[in-house]
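Data first, discussion second: the structure below is written as structure tokens.
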Amino acid sequence: QVQLVESGGGLVQAGGSLRLSCAASGRIFRYGMGWFRQAPGKEREFVAGITWTGTTYNIDSVKGRFTISRDNTKNTVYLQMNSLKPEDTAVYYCAASPTGRGDRTVQYDYWGQGTQVTVSS
């Protein structure tokens, strides 16, 4: 069983930065990890993922701005978000996938409660 707790969200001006953290209660060494986000009235969307070997992948709209990383010794995954835009405003969720990689919600078995990110213009 894996439990995930996100932190690091908040209110930031456009162009600013935030670093989200996702702390896991169980060992996530063999899990693929992902960050998703959900804006009001929209479906939850994939943002970035990282395999257990450290391969990263993300959506085009965050390329060059967001970086996902993981520290397996601390059972923690991070999302560094730079050059934030108002359209990045959403609740951000961390998730763990036993399949190791994926960009769809059904591929992830464990989810955190989410952390709010608000970017003002």
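The values are calculated or read from the model by the stated rules, or taken from the named source; none is laboratory data. This structure is a prediction, so every number in the text was calculated from the model and none was measured. A quick note on method: Cβ atoms are made from the backbone with ideal geometry, for glycine too, and the neighbour counts reach across all protein chains shown. SASA here: full protein model, heavy atoms, side chains in, ligands and nucleic acids out. Shrake-Rupley method; radii C 1.70, N 1.55, O 1.52, S 1.80 Å.
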Exercise. Can you find even one residue in region 78-95 that is assigned to a loop (DSSP other than H, G, I, E, B), modelled with pLDDT of 95 or more and of a type in the set (Phe, Trp, Tyr)?
Worked result: no
Exercise. Among the residues of region 18-31, is there at least one that is of a type outside the set (Lys, Arg), over 18 Å from TYR110 (Cβ atoms), modelled with pLDDT of 95 or more and touching a helix residue (DSSP H, G or I) at 6+ places or on another chain (Cβ under 7 Å)?
Worked result: no
For this session: Could you grab me the full set of residues in region 46-58 that are free of Cβ contacts under 8 Å to residues at least 40 places away in the same chain and either surrounded by 13 or more Cβ atoms within 10 Å (Cβ to Cβ) or not polar (S, T, N, Q) (or both)?
Result: ALA48, ILE50, GLY54, THR56, ASN58
Exercise. Is there a residue being in contact with a strand residue (DSSP E or B) (Cβ under 8 Å, 6 or more places away or on another chain), hydroxyl-bearing (Ser, Thr, Tyr) and part of a strand (DSSP E or B) anywhere in region 5-25?
Worked result: yes
For this session: For THR67, indicate whether it is more than 14 Å from GLY114 (Cα to Cα), open to solvent by 60 Å² or more (accessible area, probe 1.4 Å) and assigned to a strand (DSSP E or B).
Result: yes
For this session: Select from region 26-45 the residues that are outside any loop (DSSP other than H, G, I, E, B) and touching a Ser or Thr at 6+ places or on another chain (Cβ under 8 Å) and write down the one among them that is farthest from VAL5 (Cα to Cα).
Result: GLY32
